[in-house]
Amino acid sequence: MLSDPLRSGEELAERAVENYRENFDSSPEVLSQAPGRLEILGNHTDYNNGYILSIALDLSVVIAAGQEDTSPRRLSAWSSGLNERVEAGLEEIRPAGDSWINYPLGVLREIKKSGSRLPSINLAIESSLPVGAGVSSSAALELATAEAAYGMLGGRPTTPLEQAQLCQRAENDFVGVPCGILDQFSSLFGLRDHVLFLDCDTLDYDRIALPGSEVAVVIADSGVQHELVDGKYAALRSHCRRATQKIGELLGREISSLRQVSLDEFLGCREQIDEEDRRRAEHVIRENSRVLEGVEALRRGDPGRLGELMLQSHSSSRDLFGNSCDELDFLIESATGLPGFIGGKLSGGGFGGATVNLVEQNAAVEFQQRLAEACSNRLAAPARTFLTKIGDGARLLGKPQGS
Ligand code: GLA
């Protein structure tokens, strides 16, 4: 989409207002902001009704939004990063090819389905999220759109979780990406200096402290573009589904997700499961236990143990789940020897994108430099590293000044 990781939230907001005025000859009504996310533990557990640990980033999408009375009604969206303005009809909402406008458009369609009458809407979009790095700029765009729309039109769902699910439906049903709830949940529920814990079965959640004064977050982008829509993600989901069905048959009981299978049960029947399905299932079942152990480690203030679990998770993604790649493995190997490194892993869908690294705060600047140096000669595209913090979730920033 767009990106300038050095820009602060205030700068993004100022630019969004300026661009709104330039593009739409009027002042915006509201400003909204939604962060990207990183997955700390729980790789591909969300759609298996498992557990996840994640954070919202201090990098985000900011939208200046307003409404207009035009006929026919339409969405008009300006993206600074792409230097592009795209329009799409709101009378009958259909996907606009494979344009990025489908993310806000899909959210507006869901809001319309829930009973709101949509006027014509204008959006000016700014972002500090690195594009294609797997930090979920798409979920950030969806949540920032939803916040802006509720800010202007009212009609917010009864619970925040319903808002996250509405945005997930926009991505699943309209954009056509079969993602779980991780990205939208994290972008909405994020809290500075806290890790999010979600039980994707019961949808119970918690926020557990991880003070930024002690632990920094370094994102290392492999430079390998990852695409959820390209079929690999859907293929992994199919393996998990087949494994679930087979384990149910072998155990002689109805099982609707890998969440319902204990490690002992799995080990007792694993030899009878097709090899690829078996490896995918083993990753998910062990990963769920790692998340629960990670929660305990965080609660007793032991980031060191959390870091070890993250490294185990990365190895499991590489060896059992099959969604790492040479570049991601290289980033984790390079980080492992550096002073201050607590732990790291690939984050999100995999096959590219970024690693998430937890680093002792006082060693973070040097860690980032040394990781970038270690990578500069080895990776096809120059590795981009970002030193960032755990940030707050999506919110309305209120009325822009001067409007
Ligand atoms: C992507 C998806 C998420 C989740 C992760 C893997 O980020 O959007 O729903 O499945 O991959 O944990």
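Calculate the spin-label point distance for R253 paired with D319, positioning each point 7 Å from the Cα along the beta-carbon direction, and give it in nanometres.
A separation of 3.0 nm, rounded to one decimal place.
Express in Å², to the nearest 10, the accessible area of R21 obtained by rolling a 1.4 Å probe over the protein heavy atoms while all chains stay in place.
Only protein atoms counted, so the area is about 90 Å².
I need the trypsin sites (Lys or Arg not before Pro) found in region 111-164, filtered to DSSP loop residues with at most 11 other beta carbons within 10 Å of theirs.
Qualifying residues, ordered by number: R117.
Find, among the GluC sites (Glu not before Pro) in region 202-289, those assigned to loop by DSSP (not H, G, I, E, B) with at most 15 other beta-carbon atoms within 10 angstrom.
Answer in residue order: E214, E227, E254.
Determine the gain in length on full extension of the stretch S8-R207; use 0.36 nm per residue of separation and subtract their C-alpha separation, reporting nm with one decimal.
69.2 nm
With a Cα-only, solvent-free Debye model of region 1-130, what are the log10 I(q)/I(0) values at q = 0.12 Å⁻¹?
The Debye formula, applied to the Cα set alone, gives -0.53.
Would you pull out the residues with amide H under 5 Å of I390's amide H, same chain only if 5 or more places away, H placed 1.01 Å from N?
The answer is D193.
Using only alpha carbon positions, build the gyration tensor of region 176-289, then give the equivalent ellipsoid semi-axes as the square roots of 5 times its eigenvalues, largest first, whole angstrom.
30, 19, 14
Given charges of +1 on the Cβ of Lys and Arg and -1 on the Cβ of Asp and Glu, with all other atoms neutral, how large is the dipole of the chain about its Cα centre, in debye to the nearest 20?
460
So for the chain, averaging the separation of alpha carbon pairs under 8 Å that are six or more residues apart and normalising by length, what relative contact order in percent results?
Rounded, it is 25 percent for the chain.
Per-residue HN-Hα couplings for region 152-159, Karplus 6.51 cos²θ - 1.76 cosθ + 1.60 at θ = phi - 60°, whole Hz, x for Gly and Pro?
Result, ordered by residue: 8, 10, x, x, 4, x, 4, 10 Hz.
Under a Cβ-Cβ cut-off of 12 Å, what is the net charge of the residues other than E18 that fall near it, where Lys and Arg count +1 and Asp and Glu count -1?
Value of the local net charge: -2.
Considering only protein heavy atoms and a probe of 1.4 Å, how much of the accessible area of the chain is carbon and sulfur, as a whole percent?
44
Out of all DSSP beta bridges in the chain, what portion is antiparallel? Express it as a percent rounded to 5.
DSSP beta bridges in the chain are roughly 90 percent antiparallel.
For region 214-269, with only Lys/Arg (+1) and Asp/Glu (-1) charged at the beta-carbon, what is the dipole magnitude about the Cα centre, in debye rounded to 20?
Roughly 320 debye, rounded to the nearest 20.
Under 1.5 on a/c is rounded, so check that first for region 315-403, then, if it is not, pick prolate when a/b is larger than b/c and oblate when it is not; a ≥ b ≥ c are the square roots of the alpha carbon gyration tensor eigenvalues.
Judged from the Cα gyration tensor, region 315-403 comes out prolate (a/c at least 1.5, a/b above b/c).
All other residues with a Cβ under 14 Å from the Cβ of F174 taken together, and with Lys, Arg as +1 and Asp, Glu as -1, what is their net charge?
-1
Taking a ≥ b ≥ c as the square roots of the eigenvalues of the Cα gyration tensor of region 218-352, is the shape rounded (a/c under 1.5), prolate (a/b larger than b/c) or oblate?
Since a/c reaches 1.5 but b/c is at least a/b, the shape of region 218-352 is classed as oblate.
Using DSSP to define loop residues, name the trypsin sites (Lys or Arg not before Pro) in region 235-294 whose beta-carbon has at most 16 other beta-carbon atoms within 10 Å.
R253
At 0.36 nm per residue, minus the direct Cα-Cα distance, what do E87 and K399 gain on full extension? Give it in nm, one decimal, please.
109.9 nm
At q = 0.16, 0.30 Å⁻¹, what log₁₀ I(q)/I(0) does a Debye calculation on the Cα points of region 104-149 give, no solvent, two decimals?
With one equal scatterer per Cα and no solvent, log10 I(q)/I(0) is -0.48, -1.17.
Two decimals, Cα atoms only, Kirkwood Rh: what is Rg/Rh over the chain?
My calculation puts Rg/Rh at 0.98.
With each pseudo-label sitting 7 Å past Cα toward Cβ, what's the S26-N362 distance in nm, one decimal?
Here the answer is 5.6 nm between the modelled labels.
The values are calculated or read from the model by the stated rules, or taken from the named source; none is laboratory data. Fair warning: this is a prediction, and the values are worked out from it, not measured in the lab. Note that we place each Cβ from the backbone using ideal geometry, even for glycine, and neighbour counts take in every protein chain shown. What goes into the accessible areas is simple: the full protein's heavy atoms, side chains included, and nothing from ligands, DNA or RNA. Shrake-Rupley method; radii C 1.70, N 1.55, O 1.52, S 1.80 Å.
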